[in-house]
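Presented below is the structure to which this report refers.
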């Protein structure tokens, strides 16, 4: 689950454009607050009709684990299941992605917890602002990915 949060830890309607987050980022470093630094991320951004879709692949810096998550930036809630690698339990979570010009906002809900990640890009750097509670832990941080 931490992989997913590491670079969400990344909606578009016809009225709001999404930022161009496409690219390869070798690492994400925490510059404010407390959140684990993460490994490489690849973002592929595409259009499905008038909706922006983000495919984000996260590579764990400490292992060969690789996960790809898809975020459909249309403001709708999507439910997904993932197996917790530590316990084997199936976790069900919901995500919502929205765009407002220069910002992509992803909200994740799991077992009553809610985490909000806002992403923007300047030059070759993506900044993500992380705020909320996930898996019982308070998370407030800013990361820069490049």
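Apply 1/(1 + (r/R0)^6) to the Cβ-Cβ distance of residue 137 and residue 46, taking R0 = 41 Å, and write down the FRET efficiency to the nearest 0.05. According to the calculation, E is roughly 0.80.
What value, in deg cm²/dmol to 500, does the helix sum -39500 (n - 2.57) over DSSP H runs of n ≥ 4 give at 222 nm once divided by the residues of the chain?
Values: 1 runs with 5 residues, N = 146.
Rounded to the nearest 500, the figure is -500 deg cm²/dmol.
Exposure proxy for 51, 31: other Cβ atoms within 10 Å of each Cβ, ordered fewest to most, give 31, 51. The computed log10 I(q)/I(0) by the Debye sum over Cα atoms at q = 0.10, 0.21, 0.22 Å⁻¹ for the structure shown corresponds, within (i) -0.37, -1.39, -1.45; (ii) -0.44, -1.24, -1.30; (iii) -0.30, -1.44, -1.57, to (iii).
Compute the whole-percent fraction of alpha carbon pairs in segment 102-144 spaced more than 18 Å apart. If you can, show how the numbers build up before the last one.
Working: 262 of 903 pairs.
Across segment 102-144, Cα pairs with separations above 18 Å total 29 percent.
What FRET efficiency do you get for residue 31 and residue 64 if R0 is 30 Å and r is their Cβ-Cβ distance, rounded to the nearest 0.05? It would help to have the intermediate numbers written out before the result.
Values: r = 27 Å, r/R0 = 0.90.
Calculated value: 0.65.
When each of 135, 59, 47 is scored by the number of other beta-carbon atoms lying within 10 Å, the sequence from fewest to most is 47, 135, 59.
Model label points for residue 83 and residue 124, set 7 angstrom from Cα along the Cα-to-Cβ axis, are 3.8 nm apart.
No lab work stands behind these numbers, since they all come straight from the coordinates. Keep in mind that what you see is a predicted model, and the values were worked out from it rather than measured. Don't worry about glycine lacking a Cβ; one is built from the backbone with ideal geometry, like all the others, and counts go over all protein chains shown.
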